[in-house]
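Comments concern the structure below.
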Amino acid sequence: SSYVYYDVKGIEAQCLKDVYGPKISELESRDDVIILFENLLNEFYDNHVILNTNTGSSYRLYAPIHAKFQEDKAVITNVWQTQISNLPFNPLGAEILGLNDAAPNGMIKGFPTFCHDKSSPEIKDWLLNKALAGRYDQPRVLKLQLPNGKIEELDLDALEYQRSIDLLNFREEGE
């Protein structure tokens, strides 16, 4: 089978072979194998391409917030407000100053992928959100500058999610 977006995303097969091929002989455990394949699949920058298993140091698939780069600033553009029961403030529109003391551009640069253009806006936004999803074994504490200028910290792992049997949740503005 083939990946339908292979050409659209500009996947460089030779780079994947060159980067990940030599690492195969270094694998010592099941977790090493899983992390190698997760990192390889992250080169596709597509949350639909996943393994059906993970480890404690795997990246989560998503975060309760979504962000985009706007004029070189990482800005929160969406929040699961209807699913979070203890959101301490509204982070929508906040600039992300850091995640665990790493600046957004540092998060992108340090993300463990090697075969795509990290300066591409689409890839940069995907990497930002993958970094915000974070690893299971690492904290996710954001330092934010809210639209009113106030600096706040938001611990994504301290958020509590509402349990709902409804398929669709909504909240009207002003509620």
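The values are calculated or read from the model by the stated rules, or taken from the named source; none is laboratory data. This is a predicted model, so every value here is computed, not measured. Cβ placement follows ideal geometry from the backbone for every residue including glycine, while neighbour counts extend to all protein chains displayed. These accessible areas exclude ligands, DNA and RNA; they are computed on the full protein's heavy atoms, side chains included. Shrake-Rupley method; radii C 1.70, N 1.55, O 1.52, S 1.80 Å.
Tabulated values for the structure
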| quantity | calculated |
| --- | --- |
| Every residue from region 37-71 that is touching a strand residue (DSSP E or B) at 6+ places or on another chain (Cβ under 9 Å), closer than 22 Å to ASP18 by Cβ and without any contact (Cβ under 8 Å) to a residue 24 or more places away in the chain | GLU38 |
| Evaluation of TYR20 against (1) of a type outside the set (A, V, I, L, M); (2) closer than 19 Å to ASP157 by Cβ; (3) at pLDDT 95 or above (one fails), failing number | (2) |
| Filter result (among the aromatic types (Phe, Trp, Tyr) and in contact with a strand residue (DSSP E or B) (Cβ under 8 Å, 6 or more places away or on another chain)) within region 87-135 | PHE89 |
| Selection from region 4-34 of residues that are within 21 Å of SER58 (Cβ to Cβ) and open to solvent by less than 80 Å² (accessible area, probe 1.4 Å) | LEU16, VAL19, TYR20, LYS23, LEU27, SER29, ASP31, ASP32, VAL33, ILE34 |
| Residues satisfying the stated conditions in region 28-75, i.e. farther than 21 Å from PHE114 by Cβ and aromatic (Phe, Trp, Tyr) | TYR62 |
| Residue in region 16-25 that is within 18 Å of the chain's Cα centre (by Cα), touching a residue at least 12 places away in the same chain (Cβ under 8 Å) and under 22 Å from ALA131 (Cβ atoms) present | no |
